[in-house]
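What follows is a short report on a single structure.
The values are calculated or read from the model by the stated rules, or taken from the named source; none is laboratory data. All values reported here derive from a predicted model rather than from experimental measurement. Note that we place each Cβ from the backbone using ideal geometry, even for glycine, and neighbour counts take in every protein chain shown. With ligands, DNA and RNA removed, areas are computed over all heavy atoms of the protein, side chains included. Shrake-Rupley method; radii C 1.70, N 1.55, O 1.52, S 1.80 Å.
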Amino acid sequence: MESDFLEAIFYKNGQYIDLEEEVFSKIMDEEVKEAIDNLPLEFRMPVILVDIEGLSYRDVKDVLQISPGTLASRLYRGRRLLRDSLCEYAREKGFLRRGFLRSKKW
Amino acid sequence: MVKCRDSRKKLYLSKSAEVVSENLAEASRHVQECRECGEFIRGERHFSSLLKGAFRKDEIPQELKERVLGETKEEKITRKRIFQGTVIAASILILLTLSVTLGRFIFNGQNPAIVSDIVDDHIQFFQPSDMQVQSSIPEEIRPWFTGKVDFPLHIPHLAAKLKGGRLCFLGKKRVALLFYEHQGSPVSLFVTRDLDIQRLKTEKKVMLKGKGVYPFEERGYHLLVWEEEGLNYILVSELSINELQVLI
């Protein structure tokens with residue numbers, strides 16, 4: 001079955017962790033830019049146009065000439081790749097220790 | 001599990017989680033009841049707002065953005081017109097061949113596409129994170145639009161609380177989008193100069209304070225369109241037409 005939109009959510013002691021807030025508070029803008037630059041183009045464009053530029057979904061799907069469903073999938077995957085990349089960077093820098101996060105599987 | 005995935009996917013592109021179709025209503029009900037799905041949607045929106053916040057300093061040049069959007073939309077509109085022309089011609093031929101007598105063609109009940117676009121933008125933009133300028137003071141909002149729209153922005157006094165604004169596009173036109181709130185309901189006011197308002201003039205014109213105002217209904221949302229001192233105004237909300245008229 002397609003795994004999109006079913007990624008496990010991170011928990012600590014059964015509580016939701018605001019992972020992004022922790023990461024973003026410590027990572028510099030340059031690292032975020034580099035992580036975005038390293039995304040494959042098909043995932044990079046939706047992330048840049050929607051999340052960075054704040055264009056409407058209608059405009060983005062028109063610009064990229066893709067369906068709303070495809071836009072949702074690419075945006076989801078792009079954000080996942082970006083989040084993974086930022087987490088890895090944070091772990092390398094010691095902002096997050098390995099094994100700090102555990103995931104819950106459905 | 002399938003319900004979780006389907007619900008998340010349906011709500012994924014709906015920033016404000018407003019319900020605009022039965023499918024979305026079902027997905028929204030599921031997300032309200034499912035803790036994991038609720039956290040998923042909130043987490044996605046939060047991540048998006050953090051990303052946006054990290055890049056406020058380096059915006060893509062406005063001209064480039066406008067050109068890319070304009071060119072793409074122009075191509076799409078041209079293709080759409082060719083397709084529509086072919087379909088219309090074929091339909092007329094079929095109707096003539098079958099000698100079907102139609103009392104009249106009923107196209108009056110269909111809103112122009114721009115009305116649907118306006119409602120889409122109203123639904124998408126109203127979160128505080130979507131506002132590019134936040135203030136309840138017109139004098140603080142107006143300067144932000146200087147150079148971003150190609151007309152001197154006049155912010156009309158409405159009987160609603162001004163919240164902020166942002167730039168958006170309708171077709172190739174840059175539009176000032178102002179956010180208000182009235183009795184807990186979000187109200188959007190689109191202001192532009194070069195909108196082809198002739199397309200929006202209907203027989204339902206009403207006169208309000210000396211202005212000719214045209215009401216529309218689209219997917220449960222209501223719109224009022226009017227012209228004033230060379231600018232075009234489109235007011236949108238889930239409020240009723242009567243409630244909107246009181247705001248002007």
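The residues of the range B:157-181 that are away from every other protein chain (no Cβ under 14 Å) and out of contact with any strand residue (DSSP E or B) (no Cβ under 7 Å at 6 or more places or on another chain), listed by number, are B:His157, B:Ala159.
For the range B:208-242, the set of residues classified as assigned to a strand (DSSP E or B), open to solvent by 40 Å² or more (accessible area, probe 1.4 Å) and either farther than 22 Å from B:Gly184 by Cα or not assigned by TED's automatic domain parsing to the domain that holds B:Asp196 (or both) consists of B:Glu227, B:Glu228, listed by residue number.
If you filter the range A:28-51 down to residues that are surrounded by fewer than 19 Cβ atoms within 10 Å (Cβ to Cβ) and in a loop (DSSP other than H, G, I, E, B), you find that the one that is nearest to the other protein chains (Cβ to nearest Cβ) is A:Met28.
Of the residues B:Pro156, B:Pro143, B:Pro186, the single one that is without any contact (Cβ under 8 Å) to a residue 24 or more places away in the chain and open to solvent by 10 Å² or more (accessible area, probe 1.4 Å) is B:Pro143. Counting only residues that are open to solvent by less than 20 Å² (accessible area, probe 1.4 Å), over 11 Å from B:Val133 (Cβ atoms) and in contact (Cβ under 8 Å) with a residue 40 or more places away in the chain, the range B:161-179 holds 3 of them. Pairing each residue of the range B:236-248 that is closer than 11 Å to B:Ser185 by Cα with any residue that is at pLDDT below 90 and among the β-branched types (Val, Ile, Thr), provided the two are 6+ apart or on different chains, yields C-beta distances under 8 Å for B:Val236/B:Ile118; B:Val236/B:Val119. May I ask you to list pairs of residues, at least six apart or on different chains, whose Cβ atoms are under 6 Å apart, with the first in the range B:208-222 being touching a residue at least 12 places away in the same chain (Cβ under 8 Å) and the second being open to solvent by 20 Å² or more (accessible area, probe 1.4 Å) and part of a strand (DSSP E or B)? Listed pairs, sorted by first residue: B:Val213/B:Val206. Considering the conditions (1) closer than 23 Å to B:Ile41 by Cα; (2) under 13 Å from the mean Cα position of the chain (by Cα), A:Leu49 is excluded by exactly one of them, (2).
For the range A:52-92, filtered to residues that are of a type in the set (Val, Ile, Thr) and farther than 25 Å from B:Ala176 by Cα, the residue that is least open to solvent (accessible area, probe 1.4 Å) is A:Ile66. Taking the range B:190-205 as the range and being open to solvent by 10 Å² or more (accessible area, probe 1.4 Å) and either closer than 17 Å to B:Leu158 by Cβ or at pLDDT 85 or above (or both) as the test, only B:Arg193 passes.
Scanning the range B:189-230 for residues being of a type in the set (D, E, K, R) and at positive phi gives a total of 3.
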